[in-house]
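Down below is the structure, laid out as structure tokens.
The values are calculated or read from the model by the stated rules, or taken from the named source; none is laboratory data. All of these numbers come straight from a predicted model, not from anything done at the bench. So basically every Cβ, Gly included, is an ideal-geometry build from the backbone, and we count neighbours across all protein chains shown. Quick note on the areas: whole protein, heavy atoms, side chains included, nothing else; ligands and nucleic acids left out. Shrake-Rupley method; radii C 1.70, N 1.55, O 1.52, S 1.80 Å.
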Amino acid sequence: MIRANPDLFELEVLTAQNNADLLIEQAIAYQPNAVVIVNDEKYAQVKKELESFGIKVYAGSSALSSVVQMDVIDLVVTGLVGYAGLHPTLKAIEAGKAIALANKETLVVAGELITQLAKEKGVNIYPVDSEHSAIFQCMVGEFHNPIEKIILTASGGPFRGKKRNELERVTPAQALKHPNWNMGSKITIDSATLMNKGLEVIEAKWLFGLHADQVEVIIHPQSIIHSLVQFEDGSIKAQLGLPDMRLPIQFAMTYPDRIKTDFPRFNFADYPSLTFERPDTETFRNLALAFAALAKGGNMPCILNAANEVAVSEFLNERIGFLEMSEVVERCMEKIDYIGDPQFDDYVETDRITRIKALEFIK
Ligand code: MG
């Protein structure tokens, strides 16, 4: 996006968890002020490569939380995976930076805390997640009109239509083959289990200030309608397009403007039927668990998220089966202490304990 619109943006900081090679390549191409490599074992390599360009190099996760507060930054794009996004996002909001949020887990874990702080600081959180971007795009010009409900679309993932007995033995490689979207491994597994949609339900609640019963999920295998809003007069607005993450990323960064692109265009004649189905929450139990966590509130979504992060990682390492992922999440939701009104430290502790317990349950 920045490559296509070099006059619109100045890149100040780039960060990466582990991928030092790509970080170095992009830093040389875009010449930011500074980079952060979270894995400090890679610090020496990054430092050596970027020293001659005058680019500052920092390491470790605490560096993430400080660079987001730099004066020159207007907008922080948070694309971290999972719970790790929470602290840097919180720090960026504290420093008054606008957020383009690609890290849904931040709102899942601590939606109340984050949205409250953003309100206090007058900070806008722009959704990057395609469904939430769709809703946001439908809301332009309608912000004063109450939402009756929103309908999040889900592709259904690679196992749509399958039953439990067919899913017992599916492998990580099968689960990683997403029909429509090309994404990282955590979110692709979450899409296969429908946990991704569950996390998005919770994310939507916080982004748009809704109640749990105002969020619906519908399976739409073609992934052309990215989501819908129903207003109080019964009218429904939808946002459509080919599945391409560049569009929601760009809209989060250029709102309220739309910038000309050369992305492939959607043609109705190529899609004579757009179809819809109810989600099968008997088979894909994670979606039901996420709705339950949202209804319960407090630290329950944090428990759900941490247990799921462990479960996905254990599944990817072939230590548990596909269906066991939901079992781990449910067990943690039942067994871990519930806190109705958690503060930041409670989230940190809930996340820590849940990860330990989830691994114990797996053994
Ligand atoms: Mg999404």
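Take segment 105-147 and flag every residue that is open to solvent by 60 Å² or more (accessible area, probe 1.4 Å) and more than 26 Å from PRO243 (Cα to Cα).
Correct list: GLU112, GLN116, LYS119, GLU120, LYS121, GLY122, HIS144, PRO146.
I'm trying to understand the selection: among the residues of segment 299-353, which are surrounded by 21 or more Cβ atoms within 10 Å (Cβ to Cβ) and of a type in the set (Phe, Trp, Tyr)?
Of everything in segment 299-353, those that are surrounded by 21 or more Cβ atoms within 10 Å (Cβ to Cβ) and of a type in the set (Phe, Trp, Tyr) turn out to be PHE315, PHE322, TYR347.
Count, please, the residues in segment 45-94 that happen to be hydrophobic (A, V, I, L, M, F, W, C) and open to solvent by 70 Å² or more (accessible area, probe 1.4 Å).
Taking segment 45-94 and keeping what is hydrophobic (A, V, I, L, M, F, W, C), we get 46, 50, 53, 55, 57, 59, 63-64, 67-68, 70, 72-73, 75-77, 80-81, 84, 86, 90, 92-93.
Then keep just the ones that are open to solvent by 70 Å² or more (accessible area, probe 1.4 Å); that gives 53, 72, 77, 81.
So the count comes out to 4.
Got at least one residue in segment 229-242 being without any contact (Cβ under 8 Å) to a residue 60 or more places away in the chain, more than 22 Å from PRO179 (Cα to Cα) and among the acidic types (Asp, Glu)?
yes
May I ask you to say which residue of ASP345, ASP337, ASP351 is acidic (Asp, Glu), at pLDDT 95 or above and in a loop (DSSP other than H, G, I, E, B)?
Exactly one residue qualifies, and that residue is ASP337.
Considering segment 206-244 alone, what residues qualify as being of a type in the set (Asp, Glu) and over 28 Å from VAL109 (Cα atoms)? Explain how you work it out, then say what you get.
At the first step, the residues of segment 206-244 found to be of a type in the set (Asp, Glu) are 213, 216, 232-233, 244.
Of everything in segment 206-244, those that are of a type in the set (Asp, Glu) and over 28 Å from VAL109 (Cα atoms) turn out to be GLU232, ASP233.
Quick check on my filter: what residues within segment 112-161 are within 16 Å of the ligand (Cβ to nearest atom), of a type in the set (A, V, I, L, M) and under 17 Å from the mean Cα position of the chain (by Cα)?
Across segment 112-161, the qualifying residues are ILE125, VAL128, ALA134, ILE135, LEU152, ALA154.
Kindly provide the set of residues from segment 66-122 that are part of a loop (DSSP other than H, G, I, E, B) and under 25 Å from LEU289 (Cβ atoms), ordered by number.
Once the filter is applied, which keeps residues that are part of a loop (DSSP other than H, G, I, E, B) and under 25 Å from LEU289 (Cβ atoms), segment 66-122 yields LEU80, VAL81, ALA102, ASN103.
What are the residues in segment 149-175 that are of a type in the set (A, V, I, L, M, F, W, C) and part of a loop (DSSP other than H, G, I, E, B), if any?
So the first thing to find is which residues in segment 149-175 are of a type in the set (A, V, I, L, M, F, W, C), and the list is 150-152, 154, 159, 167, 170, 173, 175.
The answer is PHE159, VAL170.
Residue under question is ALA306, and the condition is that it be small (Gly, Ala, Ser), within 20 Å of ALA84 (Cα to Cα), assigned to a helix (DSSP H, G or I) and touching a helix residue (DSSP H, G or I) at 6+ places or on another chain (Cβ under 7 Å); does it hold?
Yes.
This table checks each residue for (1) open to solvent by 10 Å² or more (accessible area, probe 1.4 Å); (2) among the charged types (D, E, K, R); (3) under 22 Å from the mean Cα position of the chain (by Cα).
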site	(1), (2), (3)
ILE189	no, no, yes
GLY209	yes, no, yes
ILE236	yes, no, no
GLY241	yes, no, yes
THR254	yes, no, yes
ASP262	yes, yes, no
ALA295	yes, no, yes
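Here is a list of conditions, (1) open to solvent by less than 60 Å² (accessible area, probe 1.4 Å); (2) more than 21 Å from HIS220 (Cβ to Cβ); (3) away from the ligand (no atom under 14 Å from the Cβ), and GLU166 meets all of them except one; can you say which number that is?
Condition (1) is where GLU166 drops out.
For segment 11-47, which positions are touching a residue at least 24 places away in the same chain (Cβ under 8 Å) and among the charged types (D, E, K, R)?
Those that are touching a residue at least 24 places away in the same chain (Cβ under 8 Å) and among the charged types (D, E, K, R): GLU12, LYS42.
Could you give me the residue pairs with C-beta distances under 6 Å whose first residue belongs to segment 150-162 and is outside the structural domain of ILE202 (by TED's automatic domain parsing), whose second residue is buried (at least 24 other Cβ atoms within 10 Å of the Cβ) wherever it lies, and which are 6+ apart or on separate chains?
If the second residue must be buried (at least 24 other Cβ atoms within 10 Å of the Cβ), no pairs are left.
Of all residues in segment 315-334, which are under 17 Å from LEU194 (Cα atoms) and either polar (S, T, N, Q) or assigned to a helix (DSSP H, G or I) (or both)?
PHE315, LEU316, GLU324, MET325, SER326, GLU327, VAL328, VAL329, GLU330
Output the residue which, of all residues in segment 90-110 that are under 17 Å from ASN305 (Cα atoms) and away from the ligand (no atom under 16 Å from the Cβ), is nearest to the chain's Cα centre (by Cα).
The selected residue is VAL109.
Only one residue in ASP341, ASP345, ASP351 is without any contact (Cβ under 8 Å) to a residue 40 or more places away in the chain and closer than 24 Å to TRP206 by Cα, so which one is that? First the steps, then the outcome.
Values: ASP341 fails: without any contact (Cβ under 8 Å) to a residue 40 or more places away in the chain; ASP351 fails: without any contact (Cβ under 8 Å) to a residue 40 or more places away in the chain.
Answer to the check: ASP345.
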